[in-house]
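Asker: Shown below is the structure under consideration.
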Amino acid sequence: MSHAYIPAFTLEPPKPVAETRPAGNPNTPNFINDIAAGKVELPTIPRVVQQLIAALRDPDVDTRSIAQALAKDPVLSAKVLRLANSSFFGGQRSMASIDAAVAMIGMQALNRLIVACGVSSTFGKIPGIDLPAFWRDALVAATAANKLAARLGADPEEAYVCGLLHAAGHLILCQTYPDIAEFVLGGFAVVRGAELAAIERDNFGIDHPTVGALWVETIGFPQAVADTIRNEAAPLAGTAAPLDLALRGACALAVAVAQKDPAAVAWAALPPAVQALYVGADGQPDAAFEKLYETLQEIEPTL
């Protein structure tokens with residue numbers, strides 16, 4: 001039986017109809033059992049990146065120790081220097097010192113750069129996946145989640161990580177089972193969130209929020225991040241936590257940016273509790289939302 005699915009992050013032009021594997025197919029993989037049996041290994045991030053992520057969570061960490069750790073990874077060091085010399089930080093002189101670059105960038109921006117670069121470097125070319133489009137979505141969601149979290153009372157840095165990694169489980173599934181991914185997803189336009197999760201459960205036996213949550217737990221991110229990613233495609237509860245609201249709102253904005261929706265349409269797609277943070281006296285999105293949405297639209301894939 002065929003269904004008019006529009007699967008995710010693909011390179012080819014959209015096809016009208018997608019093939020799908022029959023429900024209960026005995027050949028549907030069991031991701032958890034495959035991990036337990038050693039048939040599948042979750043991706044790993046470089047040890048130096050793990051060390052830096054852990055160190056940057058310490059409010060008392062000093063810039064010199066961070067710079068020393070960065071020096072062990074030439075690729076990360078080059079990206080830190082490039083950021084420090086960019087127009088965003090003035091770009092008025094050529095900075096060659098990692099110590100000075102770390103001091104200029106600041107711990108928050110440095111943490112985001114290290115997480116983004118460390119995670120994205122884990123995934124090479126994946127059949128059927130347009131990685132620039134995928135990572136642009138992720139960066140838009142991360143930036144949006146960070147901004148929304150500040151108003152919702154959630155931790156902005158945890159929200160950033162949630163936005164960046166919320167769909168990473170999809171990459172893991174497609175990388176682990178490339179034949180299934182190509183058969184089911186190859187050649188279709190993008191879907192996200194609950195619709196994508198349903199397609200994954202039908203064909204992989206598990207969905208990207210579950211896999212993503214498992215992965216972020218194994219690489220040492222806070223439990224709140226894992227739990228929020230795990231809930232990403234579930235119905236939003238009326239008592240949803242601020243971090244859940246930040247991620248859900250960020251995902252809605254990432255979709256709107258990808259679809260080039262006007263600001264009013266993007267605002268209308270937000271959960272009501274998030275809409276209320278950006279409403280004007282006329283009941284329409286306020287100037288702060290217009291500015292946020294404009295910023296998100298300008299984000300380009302850089303990972």
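The values are calculated or read from the model by the stated rules, or taken from the named source; none is laboratory data. For clarity, every value in this text was computed on a predicted model and none was experimentally measured. Positions of Cβ are backbone-derived with ideal geometry, glycine not excepted, and every protein chain shown enters the neighbour counts.
Asker: Identify, please: which residue in the range 206-231 is within 14 Å of the chain's Cα centre (by Cα) and of a type in the set (Gly, Ala, Ser) and is, among those, farthest from Ala194 (Cα to Cα)?
Answerer: Ala226
Asker: Answer yes or no as to whether Pro14 is surrounded by fewer than 14 Cβ atoms within 10 Å (Cβ to Cβ), at pLDDT below 70, out of contact with any Phe, Trp or Tyr (no Cβ under 7 Å at 6 or more places or on another chain) and in a loop (DSSP other than H, G, I, E, B). Talk me through it step by step, then tell me what you get.
Answerer: On the way: surrounded by fewer than 14 Cβ atoms within 10 Å (Cβ to Cβ): yes; at pLDDT below 70: yes; out of contact with any Phe, Trp or Tyr (no Cβ under 7 Å at 6 or more places or on another chain): no; in a loop (DSSP other than H, G, I, E, B): yes.
Considered against the rule, which asks whether it is surrounded by fewer than 14 Cβ atoms within 10 Å (Cβ to Cβ), at pLDDT below 70, out of contact with any Phe, Trp or Tyr (no Cβ under 7 Å at 6 or more places or on another chain) and in a loop (DSSP other than H, G, I, E, B), Pro14 comes out as no.
Asker: Another question, if that's okay. Exactly one of (1) at pLDDT 95 or above; (2) within 28 Å of Pro29 (Cβ to Cβ); (3) in contact with a Gly (Cβ under 6 Å, 6 or more places away or on another chain); (4) of a type in the set (A, V, I, L, M, F, W, C) is unmet by Ala233. Its number?
Answerer: (1)
Asker: Given the conditions (1) in contact with an Asp or Glu (Cβ under 9 Å, 6 or more places away or on another chain); (2) of a type in the set (A, V, I, L, M); (3) farther than 24 Å from Val191 by Cα, report the number of the one that Ala263 does not fulfil.
Answerer: Result: Ala263 passes all but (3).
Asker: Identify, from the list Ala281, Ala234, the residue that is within 19 Å of the chain's Cα centre (by Cα), over 23 Å from Leu139 (Cβ atoms) and either surrounded by fewer than 21 Cβ atoms within 10 Å (Cβ to Cβ) or of a type in the set (Gly, Ala, Ser) (or both).
Answerer: From the options Ala281, Ala234, the qualifying one is Ala234.
Asker: Also, quick follow-up: Just the residues that are acidic (Asp, Glu) and within 25 Å of the chain's Cα centre (by Cα), please, taken from the range 45-70. If you could, list the steps in order and put the result at the bottom.
Answerer: Step one: filter the range 45-70 for residues acidic (Asp, Glu), giving 58, 60, 62.
Listed by number, the list holds a single entry, Asp58.
Asker: May I pose another question? Could you pull out the residue among Ala273, Ala252, Ala233, Ala246 that is among the small types (Gly, Ala, Ser) and out of contact with any Leu (no Cβ under 6 Å at 6 or more places or on another chain)? Steps first, please.
Answerer: Numbers: Ala273 fails: out of contact with any Leu (no Cβ under 6 Å at 6 or more places or on another chain); Ala252 fails: out of contact with any Leu (no Cβ under 6 Å at 6 or more places or on another chain); Ala246 fails: out of contact with any Leu (no Cβ under 6 Å at 6 or more places or on another chain).
Only one candidate qualifies: Ala233.
Asker: Just checking, which of Arg201, Arg230, Arg248 is of a type in the set (Lys, Arg) and farther than 25 Å from Arg151 by Cα?
Answerer: Arg201
Asker: For residues in the range 242-260 being more than 16 Å from the chain's Cα centre (by Cα) and at pLDDT below 95, which is surrounded by the most Cβ atoms within 10 Å (Cβ to Cβ)?
Answerer: My answer is Gln259.
Asker: Condition (residue is at pLDDT below 80 and part of a helix (DSSP H, G or I)) applied to the range 89-97: is it met by at least one residue?
Answerer: Checked against the condition, which is being at pLDDT below 80 and part of a helix (DSSP H, G or I), the range 89-97 yields at least one hit.
Asker: Please go through the range 197-225 and give me each residue that is surrounded by fewer than 17 Cβ atoms within 10 Å (Cβ to Cβ) and either at pLDDT 95 or above or polar (S, T, N, Q) (or both), ordered by number.
Answerer: Thr218, Gln223 - these are the residues of the range 197-225 that are surrounded by fewer than 17 Cβ atoms within 10 Å (Cβ to Cβ) and either at pLDDT 95 or above or polar (S, T, N, Q) (or both).
Asker: Kindly indicate whether any position in the range 116-132 is among the β-branched types (Val, Ile, Thr), under 14 Å from the mean Cα position of the chain (by Cα) and at pLDDT below 85.
Answerer: Within the range 116-132, the first condition is being among the β-branched types (Val, Ile, Thr), and the residues that meet it are 119, 122, 126, 129.
Restricting the remaining residues to those that are under 14 Å from the mean Cα position of the chain (by Cα) gives 119, 122.
Imposing the further condition that a residue be at pLDDT below 85 reduces the set to 119, 122.
Scanning the range 116-132, I find at least one residue that is among the β-branched types (Val, Ile, Thr), under 14 Å from the mean Cα position of the chain (by Cα) and at pLDDT below 85, so the answer is yes.
Asker: Hey, another quick one. I'd like to check which helices (runs of 4 or more DSSP H) are fully inside the range 212-293 and have at least 3 residues that are touching a residue at least 40 places away in the same chain (Cβ under 8 Å) and under 25 Å from Phe123 (Cα atoms).
Answerer: Details: elements: 223-230, 242-258, 263-268, 272-275.
Where helices (runs of 4 or more DSSP H) fall fully within the range 212-293 and carry at least 3 residues being touching a residue at least 40 places away in the same chain (Cβ under 8 Å) and under 25 Å from Phe123 (Cα atoms), they are 223-230, 242-258.
Asker: Among the residues of the range 177-196, count how many are crowded, with 22+ Cβ neighbours inside 10 Å and either within 16 Å of the chain's Cα centre (by Cα) or assigned to a helix (DSSP H, G or I) (or both). So that I can check it myself, show each step before the final result.
Answerer: Applying the first criterion (crowded, with 22+ Cβ neighbours inside 10 Å) to the range 177-196 yields 181, 184-185, 188, 192, 196.
Pick out the ones that are also either within 16 Å of the chain's Cα centre (by Cα) or assigned to a helix (DSSP H, G or I) (or both) and you get 181, 184-185, 192, 196.
The qualifying residues number 5.
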